[in-house]
Amino acid sequence: MTFAYASVEEAMRRGGLRMVVVGGVPSPWGEAAKGILHVKGIDWVAVRLDYDSEPLKMWAGQRSCPVAIYDNERPRPGWAGILLLAERLAPTPSLLPADPAERALAFGLAHEICGEAGLGWSRRLQLVHAGMQNAGGFPKRVAKYLGRKYGYSPEAGAASGPRVAELVRMLAARLKAQREAGSRYYVGDSLTAVDIYSATFTAMFGPLPPEQCEMDASTRAAFEMRDAWSEAALDPILFAHRDTMYAEYLELPLSL
C-alpha cells in the first residue's frame, strides 16, 4: 500500500481514492482507515485537514475527518462508510465476515469502539473533562474546542470514565473468550476490521513509542493519562493484541 500527501487543490483534480486525515496526531479513526486501506492494498492520496480551507470544506462537506472521496462519488465520512467503500474497492481480503450473524457482531463491536458514545468518543470526552478541570487530559484550549464540537458537558464528562471502563472490560473479555476458543481475533478465526479498530484505538490509552509514532508531547501526555476508572479496567491483553496487529498486518512507523 502506498499513499502520498497532496494539497487540497491537487487532490480535487485527481481521480481515484482521496482521504482527508488530521495531520500530526494519531487520530484513531484516521489510523484505522489507513490500516484498512493498507491491509487491502488500496492506493490513495492523503489530504491533511485544513480547518481554514473553504474549498476543502465544500469538497469534503465538513471540517472533520477522516473523509474518503472516490472519483466523483459523494464524500464518505465516518468509520462505517469508509469501511464499506474499501470493501467494495478491494473485496479481498474481506474485513467483514461472510456469515450474517458474525457480520452483525463485527459491526456491533466496531460501533462500540468507533461510534458515538463508543470507546473513542467516550475517551475523548474523558480527556476533555480532565482538561477542563486542569487535571491532565487535553490542554484547556484543545479541550474547549473539542468540547464544543462533541457535546461536552460536566455531566457527560463525569459519566465518561465509567463508560470507558465498561467498554474496555467488554473488549478484553471478548479477546479472552476468543483466545480460549483458539482464536487471536475478535470475530471468527481471521482478521476483521474490529481488530484494526481495537489496535488503533488502544493508542488513546498508551501510544506507540516515539520511534514508531512521532507526535506532539502534549498530545502524547494526554493519551497517556489514566484515571482510576481507566487504570482499573485496562487489561494487558488489549495491548498484546495491538502489538500483534501492528507486527503482522499494519504499517510502522505511522505516517502522520
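The values are calculated or read from the model by the stated rules, or taken from the named source; none is laboratory data. What you are looking at is a predicted structure, and each value in this text was computed from that prediction instead of being measured. Every residue, glycine among them, receives a Cβ derived from its backbone with ideal geometry; neighbour counts consider all protein chains shown. Areas reflect the complete protein model, heavy atoms only, side chains present, ligands, DNA and RNA absent. Shrake-Rupley method; radii C 1.70, N 1.55, O 1.52, S 1.80 Å.
Overview of values
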read-out: Pairwise FRET efficiency - Ala158 versus Glu73, Cβ, R0 = 35 Å, nearest 0.05; value: 0.25
read-out: Value of [θ]222 nm, deg cm²/dmol, for the chain, DSSP H segments ≥ 4, -39500 (n - 2.57) each, nearest 500; value: -16500 deg cm²/dmol
read-out: Loop-located chymotrypsin sites (Phe, Trp or Tyr not before Pro) in the range 14-99, at most 14 other Cβ atoms within 10 Å (DSSP); value: Tyr51
read-out: The chain, accessible surface, carbon-and-sulfur percent (1.4 angstrom probe); value: 54 percent
read-out: P(r), alpha carbons of the range 36-146 - 5 Å bins starting at zero, rounded %; value: 2, 10, 14, 17, 18, 17, 11, 7, 3, 0
read-out: Residue-count net charge about Gly157 - beta-carbon cut-off 12 Å; Lys, Arg +1, Asp, Glu -1; value: +1
read-out: Listed peptides 212-220, 191-199 by packing density, highest first (mean Cβ within 10 Å); value: 191-199, 212-220
read-out: 1.4 Å probe accessible area per residue over the range 1-125, in Å²; value: 43 Å²
read-out: Ratio of Rg to Rh over the chain (Cα coordinates, Kirkwood Rh, two decimals); value: 0.95
read-out: Where the range 134-246 is the region considered: accessible area per residue in Å², 1.4 Å probe; value: 47 Å²
read-out: Charge dipole (the range 1-98, unit charges on Cβ, about Cα centre) - positive-most of Trp59, Ala46, Thr92; value: Thr92
read-out: Rounded if a/c under 1.5, otherwise prolate or oblate - the range 128-256, Cα gyration tensor axes; value: oblate
read-out: Sequence ranges 87-93, 205-211, ranked by mean other-Cβ count within 10 angstrom, highest first; value: 205-211, 87-93
read-out: Interchain or long-range residues, amide H under 5 Å from Tyr186's placed H; value: Thr192, Asp195
read-out: Peptides ranked, highest mean first, by Cβ atoms within 10 Å: ranges 99-106, 134-141, 31-38; value: 31-38, 134-141, 99-106
read-out: Solvent-free Debye scattering, log10 I(q)/I(0), computed from the Cα coordinates of the range 111-174 at q = 0.16 Å⁻¹; value: -0.47
